[in-house]
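Take a look at the structure set out below.
Each value in this text was obtained by applying a stated rule to the coordinates, not by laboratory testing. The model shown is predicted, which means the values in this text are computed figures rather than measured ones. Using ideal geometry, Cβ is built from the backbone for each residue, glycine included, and neighbour counts are taken over all protein chains shown.
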Amino acid sequence: MKSALLRLREAREAISPTEREIADYLLQHPEDVIDLSIHELAKRTFSSPSTIIRMCHRIGFEGFKEFRKAITYEMAIRRQNKEAEQKEITRSDSLEDIVEKITYKNIMSLEDTKNLLDTETLEKCVELVRGARMVLLFGMGASLCAAKDAYLKFLRLNKPCVINEDWHSQLLQARNTSREDLGIVISYSGSTVGAKVNGRLLSLDTRLESGETVEVIECMKAMRENHTPIIAITRCISSPVSELADYKLYTTANESTFRTGAMSSRISQLNIIDILYTAFANREYERCLEQLSRTHIRKPPLTPKASETPK
């Protein structure tokens, strides 16, 4: 079952102001939608039924009935699994509080990411990895760490893959791709390039600090020109990264005060990579088992110091 409230929350910043008003009402009063008709909801949110339907389509539902059914199911699950409300990190928190809150946020990110995962899309992504001549990995900042993890995993299974740390090298590898290759792009924000504040175009540094993925988008455009299939591991929102990708594996995050966009989002990204890697290995079970055994690096036994050698 699709998570309606989660999709609504993730898409909130990307939808129209009128749709956002509806989204805010539903996120604040999710129980109301269970008993409301589309006309009653439109009246309460000062909108129209057509706007509500458009919002439902935008977040992946066929219409209001499917959307309401998903919320009804979600609220039932929430009632069965009530968790104590977790507050943000505060100055007065003890180490025990910090451990509890950060762990909770990471667990919630994994749960939310699981709810966003579409198995049909995952199946197609696994087959793309299997059939690719070369897997090319892209990511900047914290997402680069997740890309490196994917590189090491596929390298262990002798799946040809490439990753470069600086943007110029990533752009070159994107321009050298072909139809036989596969690009995997990791970007939590997936943000637009032309960000403006008060009508002024933000500088590259400012846009990067705000979580935008300018370089990754340029790499994706280069791969699109080469007709290279692209998988994006990104947020469940409408964004340039999402639009440029052929297949999307969605993540979400419940970030703490001190590192918005890079802590629990990284956990979600690594979880998706683990799933993709394991599903790929499972499709080629015998070969991958043999490969894992062959590539296992055994540590040499520790040799005692001369002073510790028994006489």
How many nm is it between the label spots at L117 and Y73, if each spot is 7 Å from the Cα in line with the beta carbon?
1.7
How far, in nm, would the chain grow between T18 and F46 when pulled straight, counting 0.36 nm per residue and subtracting the alpha carbon separation?
9.2 nm
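Any of K159/K248; K114/K221; K43/K65; K124/K159 with alpha carbons more than 19 Å apart? Name them for me. Kindly include the intermediate steps, with their values, before the conclusion.
On the way: K159/K248 21 Å; K114/K221 29 Å; K43/K65 17 Å; K124/K159 17 Å.
As for pairs spanning more than 19 Å Cα to Cα, those are K159/K248; K114/K221.
If you place +1 on the Cβ of every Lys and Arg, -1 on the Cβ of every Asp and Glu, and leave all else neutral, what size is the dipole of the stretch 151-193 about its Cα centre, to the nearest 20 Debye?
Approximately 180 debye in magnitude.
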For E66 and I98 in one chain, what is 0.36 nm times their gap in residues minus the Cα-Cα distance, to one decimal in nm?
7.7 nm
For the stretch 84-138 and the stretch 3-48, distance of Cα centres in Å
25
